[in-house]
1. Restricting the first residue to segment 57-75 and requiring it to be on the phi > 0 side of the Ramachandran plot, which pairs with a second residue that is of a type outside the set (Val, Ile, Thr) meet a Cβ separation below 7 Å and a spacing of at least six or different chains?
2. Where residues in segment 38-58 are in a loop (DSSP other than H, G, I, E, B) and of a type outside the set (Ser, Thr, Tyr), which of them is surrounded by the most Cβ atoms within 10 Å (Cβ to Cβ)?
3. Residues of segment 129-145 being aliphatic (A, V, I, L, M) and within 16 Å of Leu53 (Cβ to Cβ), which ones?
4. Inside segment 109-136, can you point out the residues that are surrounded by fewer than 18 Cβ atoms within 10 Å (Cβ to Cβ), in contact (Cβ under 8 Å) with a residue 24 or more places away in the chain and over 13 Å from Val76 (Cα atoms)?
5. Can we say Ser81 is touching a Phe, Trp or Tyr at 6+ places or on another chain (Cβ under 8 Å) and either free of Cβ contacts under 8 Å to residues at least 24 places away in the same chain or over 18 Å from Arg13 (Cα atoms) (or both)?
6. State whether the residues of segment 14-25 include one that is surrounded by 13 or more Cβ atoms within 10 Å (Cβ to Cβ) and small (Gly, Ala, Ser).
7. Between Lys161, Lys61, which is buried (at least 21 other Cβ atoms within 10 Å of the Cβ), farther than 17 Å from Ile11 by Cβ and basic (Lys, Arg)?
8. Does Glu89 qualify as being among the acidic types (Asp, Glu), surrounded by fewer than 19 Cβ atoms within 10 Å (Cβ to Cβ) and within 16 Å of Gly146 (Cα to Cα)?
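Quick note: the coordinates plus some simple rules give every number you see, no bench work behind them. Everything numeric in this text was worked out from a predicted model, so none of it was measured. Positions of Cβ are generated from backbone atoms using ideal geometry, with glycine treated the same way; all protein chains shown enter the neighbour counts.
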Amino acid sequence: MIELLRKRRSIRRFTAETIPPEAREILLEAALRSPSSRGINPWEFILVDDPALLGKLSVAKQHGSEFLKGAPLAIVVCADSTLTDVWVEDCSIAAIIIQLAAVSLGLGSCWAQIRNRQHDAGQSAEAYVQGLLGLPEQIKVEAILGIGYPAERKLPVAAAKLRSAKFHHNHWP
């Protein structure tokens with residue numbers, strides 16, 4: 001596990017190589033095995049591989065989603081907000097599980113935050129994605145993951161650069 005965490009970096013450039021069905025199945029299984037509060041599993045996942053739709057998702061928010069246009073696959077991580085008040089946390093857990101599974105398959109990924117972001121001055125990023133994908137009102141969008149074979153190489157963050165001062169022992173300093 002620690003090796004996956006060391007290798008995982010945000011990858012925003014991907015090759016044109018398609019992700020084989022077996023790898024997609026593993027990503028889906030990983031998502032569905034993600035823990036959720038009280039085992040409610042409120043999350044829903046939309047797999048997007050249509051280039052035109054990926055292009056539209058790449059402009060879902062004002063900044064930081066452009067990389068989706070070059071991804072061969074995106075997974076929209078959303079949830080039925082009527083099932084639990086911790087759907088955001090459950091989606092976040094599922095998203096990182098998917099990203100770690102991607103690393104284990106030699107894939108790269110990056111997270112585009114959608115919740116609480118703007119598409120433009122008149123519409124939220126979430127409303128834009130809901131309309132684009134035909135999601136009902138109660139299906140809230142947390143993030144979109146772009147996934148593919150990396151076209152860039154990023155080294156692991158050096159252990160010396162980890163912010164170890166973020167750890168506290170028994171109480172706040």
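1. From segment 57-75, the pairs are Gly64/Ala112.
2. In the first step, residues of segment 38-58 are kept if they are in a loop (DSSP other than H, G, I, E, B); the result is 40-42, 49-50, 58.
Next cut, of a type outside the set (Ser, Thr, Tyr) only: 40-42, 49-50.
Values: Ile40: 14, Asn41: 17, Pro42: 24, Asp49: 14, Asp50: 11.
Filtering segment 38-58 for residues that are in a loop (DSSP other than H, G, I, E, B) and of a type outside the set (Ser, Thr, Tyr), the one surrounded by the most Cβ atoms within 10 Å (Cβ to Cβ) comes out as Pro42.
3. Quick first cut of segment 129-145, residues aliphatic (A, V, I, L, M) only: 129, 132-133, 135, 139, 141, 143-145.
Of everything in segment 129-145, those that are aliphatic (A, V, I, L, M) and within 16 Å of Leu53 (Cβ to Cβ) turn out to be Val129, Leu132, Leu133, Leu135, Val141, Ile144, Leu145.
4. Gln118, Asp120
5. yes
6. Narrowing segment 14-25 to residues surrounded by 13 or more Cβ atoms within 10 Å (Cβ to Cβ): 14-15, 18-19, 23-24.
Subset that is small (Gly, Ala, Ser): 23.
Yes, segment 14-25 contains at least one residue that is surrounded by 13 or more Cβ atoms within 10 Å (Cβ to Cβ) and small (Gly, Ala, Ser).
7. Working: Lys161 fails: buried (at least 21 other Cβ atoms within 10 Å of the Cβ).
It is Lys61.
8. Details: among the acidic types (Asp, Glu): yes; surrounded by fewer than 19 Cβ atoms within 10 Å (Cβ to Cβ): yes; within 16 Å of Gly146 (Cα to Cα): no.
Taking the combined requirement at face value, the residue does not satisfy it.
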